[in-house]
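One structure is given here, and the rest of the page talks about it.
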Amino acid sequence: MVKGKVEQILITKDEIATRVAELGRKITEDYRGRDLLIVGILKGAIVFYSDLCRSIDLPVKMDFMSVSSYGAGTVSSGIVKINKDLDHSCEGVDVLIVEDIIDSGLTLQYLKEYLISRQVRSLKVCCLLDKPERRKCDLVPDYCGFQIPDAFVVGYGLDYAEYFRNLPDIGILNPDA
Ligand code: PRP
Ligand code: MN
Ligand code: MG
């Protein structure tokens with residue numbers, strides 16, 4: 001069994017559901033009359049992605065990218081390796097990137113530059129959680145569910161050593177417990 005214990009629930013599944021529905025309504029209003037390619041970043045985003053997509057009332061295409069931070073070491077280099085690219089062409093398309101959490105912001109900064117270089121029509125970012133204290137670049141999400149303090153959070157897609165993604169609530173983990 002993996003080490004680690006959820007010590008406190010930070011955001012309940014009901015609070016998440018309420019906020020996801022609000023985000024979906026706002027995105028629906030903002031993109032009214034347009035199609036949208038929604039790009040989920042594997043794997044953390046998948047739970048948020050599947051709920052958010054179902055609260056957006058627009059013609060939507062779904063796609064996914066899988067990325068990993070490039071190089072050894074614990075400090076993120078900001079260089080991202082693309083393990084799985086988009087299946088759809090994104091040229092001339094309105095694209096919304098969906099992420100579970102923004103920490104340093106380096107993953108998203110790289111992805112934004114990459115997708116802009118592929119001639120998207122527009123590009124916005126929707127994250128469920130944002131840790132602004134941890135930012136190492138000036139990335140600001142266009143849509144954000146919750147700003148949270150710098151704690152180790154798991155659940156609702158977020159993992160510790162790949163576990164806990166299936167918890168319905170978001171909790172704070174004590175990795176030593
Ligand atoms: C986490 C999270 C974001 C990224 C944020 O993914 O899901 O994708 O890190 O970090 P950053 O803002 O410092 O770049 P992780 O690499 O843990 O992969 P996972 O989504 O498969 O858990
Ligand atoms: Mn991720
Ligand atoms: Mg992770």
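We did not get these values from a lab; they are worked out from the coordinates using the rules stated. Please read all numbers here as calculations on a predicted model, not as lab measurements. Ideal geometry is used to build each Cβ from the backbone, glycine not excepted, and the neighbour counts take in all protein chains shown.
Once both labels are positioned 7 Å from their Cα atoms along Cα-to-Cβ, the gap between residue 15 and residue 77 label points is 3.8 nm. The label point for residue 121 and the one for residue 150, both projected 7 Å from the Cα toward the Cβ, are 4.1 nm apart. Each Lys and Arg contributes +1 and each Asp and Glu -1, all at the Cβ; summed about the Cα centre of region 1-96, the dipole is approximately 380 debye.
For region 1-51, applying the loop criterion from DSSP together with a ceiling of 10 other beta carbons within 10 Å to the trypsin sites (Lys or Arg not before Pro) yields 32.
Candidates 56, 80, 40 compared by Cα position along the dipole of region 1-147: farthest toward the positive end lies 80, with charges placed on Cβ. Computed 3J(HN,Hα) for region 92-99, one whole-Hz value per residue from the Karplus formula 6.51 cos²θ - 1.76 cosθ + 1.60 where θ = phi - 60°, is x, 10, 7, 10, 10, 7, 10, 10, glycine and proline marked x.
Phi-derived couplings, Karplus 6.51 cos²θ - 1.76 cosθ + 1.60 at θ = phi - 60°, listed residue by residue for region 107-112: 4, 5, 4, 5, 5, 4 Hz, with x used for Gly and Pro. Based on the Stokes-Einstein relation at 20 °C and a viscosity of 1.002 mPa s, and on the Kirkwood radius from alpha carbon pairs, the chain is assigned a translational diffusion coefficient of 128 µm²/s.
With a Förster radius of 35 Å applied to the beta-carbon distance between residue 142 and residue 174, the computed FRET efficiency rounds to 0.60. Computed from the Cβ-Cβ distance with R0 of 25 Å, the FRET efficiency linking residue 113 to residue 43 stands at 0.70. On the basis of the beta-carbon distance and an R0 of 25 Å, residue 163 and residue 62 show a calculated FRET efficiency of 0.45.
Between residue 55 and residue 91, the simple label model (points 7 Å from Cα in the Cβ direction) yields a spacing of 3.6 nm. In this structure the amide hydrogen of residue 122, modeled in the peptide plane, comes within under 5 Å of the amide hydrogens of 93, 94, 95, none closer than 5 places in sequence on its chain.
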